[in-house]
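The values are calculated or read from the model by the stated rules, or taken from the named source; none is laboratory data. Just so you know, these numbers come straight off a predicted model, no measurement behind them. For neighbour counting, all protein chains shown are included, and Cβ atoms are generated from backbone atoms with ideal geometry for every residue, glycine included.
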Amino acid sequence: MKASNIDATIYCYVRRKSTVIEQTTKRIVFARKQLSFLGRPQEDIMKPLQTMEFDVVFDLTRKSYIPVLYILMEAKAISYCSTDIRKDLRFNFVLNTDSTDDIFVLDQFRYYLNKINNNLINNGIK
């Protein structure tokens, strides 16, 4: 992504009580102990989403997880892409992954990310 001059912020939910994965300003990692009783991530995780705007949000999970759904609902973006077919969320692109492997999913998202980026550049948006 750096080679394509794409600035990315990654939110990663770890389905364990805690995690040792190092967090940075561009990689936000959170675990179960950082969730409310209802599964909402703590305010320090959610607050940056209220001030950032994204060109595109990719949900790379292949199952629905309540903490990830909170992230998706709070993120402000032009486009939303996912593998989760949910009518209550505003996905512009949904990839059916029932019979595919993870590499295929990542390749498809990479293809659409490049396509979106090229369209933005060609239309003078970036």
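Selection of segment 39-61 for residues being closer than 25 Å to S18 by Cβ, part of a loop (DSSP other than H, G, I, E, B) and aliphatic (A, V, I, L, M) yields only L60. Summed over segment 7-36, residues that are of a type in the set (S, T, N, Q), at pLDDT below 80 and under 19 Å from T61 (Cβ atoms) total 2. Considering only segment 42-53, I want to know if a residue exists there that is modelled with pLDDT under 80 and over 24 Å from V105 (Cβ atoms). Checked segment 42-53: no residue is modelled with pLDDT under 80 and over 24 Å from V105 (Cβ atoms). Residues in segment 31-50 include none that are under 24 Å from K115 (Cβ atoms), surrounded by fewer than 17 Cβ atoms within 10 Å (Cβ to Cβ) and out of contact with any His (no Cβ under 7 Å at 6 or more places or on another chain).
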